[in-house]
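Only one structure is covered here, and it is reproduced in the block below.
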Amino acid sequence: IYPIGYDSSRIYFAPGQVPTRGAAMRRALYRCRILPDDSGTAPVFWVTVDGASFKARRATEAWELATRRKLRERKKLKVRGNEGQGAGEVKEVFTAEAYPIDGDYMFGVTVTPIAKLLEGLDEATSLF
């Protein structure tokens, strides 16, 4: 559910910085808003950070523009076979998300208490 007029803030790594263990990272305040498009029929996701605003049709796209990096990145994981399973043989087993977050989460609309509040709105059936 994407309610028009929704507004939230989140502290996250500054634009262009990739989280690295043990490294000091600058953080920034991100403001997230959901506003109507020009026709008023669909939501537009806005993220503002360090005085710059970014908009997109999807929450994840807006966050990726603002942070200057992909939130979700597919990576193939390789596993070496155990004894009796082709020992020493390397196989690609599955792919995984490098960063298990998405734009909906970063906007806060999937955070359990907020999602429950949104679902309880009288207009919930007519929201995007």
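What about Gly22, is it out of contact with any Leu (no Cβ under 9 Å at 6 or more places or on another chain), modelled with pLDDT under 85 and open to solvent by 50 Å² or more (accessible area, probe 1.4 Å)?
On the way: out of contact with any Leu (no Cβ under 9 Å at 6 or more places or on another chain): yes; modelled with pLDDT under 85: yes; open to solvent by 50 Å² or more (accessible area, probe 1.4 Å): yes.
Here the answer is yes, as Gly22 does meet what is asked.
Counting residues in region 21-29 that are of a type in the set (Lys, Arg), under 16 Å from the mean Cα position of the chain (by Cα) and either in a loop (DSSP other than H, G, I, E, B) or closer than 17 Å to Gly103 by Cα (or both) gives zero.
Assessment of region 60-67 against the conditions (aromatic (Phe, Trp, Tyr), at pLDDT below 95, under 15 Å from the mean Cα position of the chain (by Cα) and open to solvent by less than 80 Å² (accessible area, probe 1.4 Å)) yields at least one matching residue.
The values are calculated or read from the model by the stated rules, or taken from the named source; none is laboratory data. Note that this is a predicted model, so its numbers are computed, not measured. No Cβ is skipped: glycine too gets one built from the backbone with ideal geometry, and neighbour counts run over all protein chains shown. Accessible surface areas use protein heavy atoms only, side chains included; no ligands, DNA or RNA. Shrake-Rupley method; radii C 1.70, N 1.55, O 1.52, S 1.80 Å.
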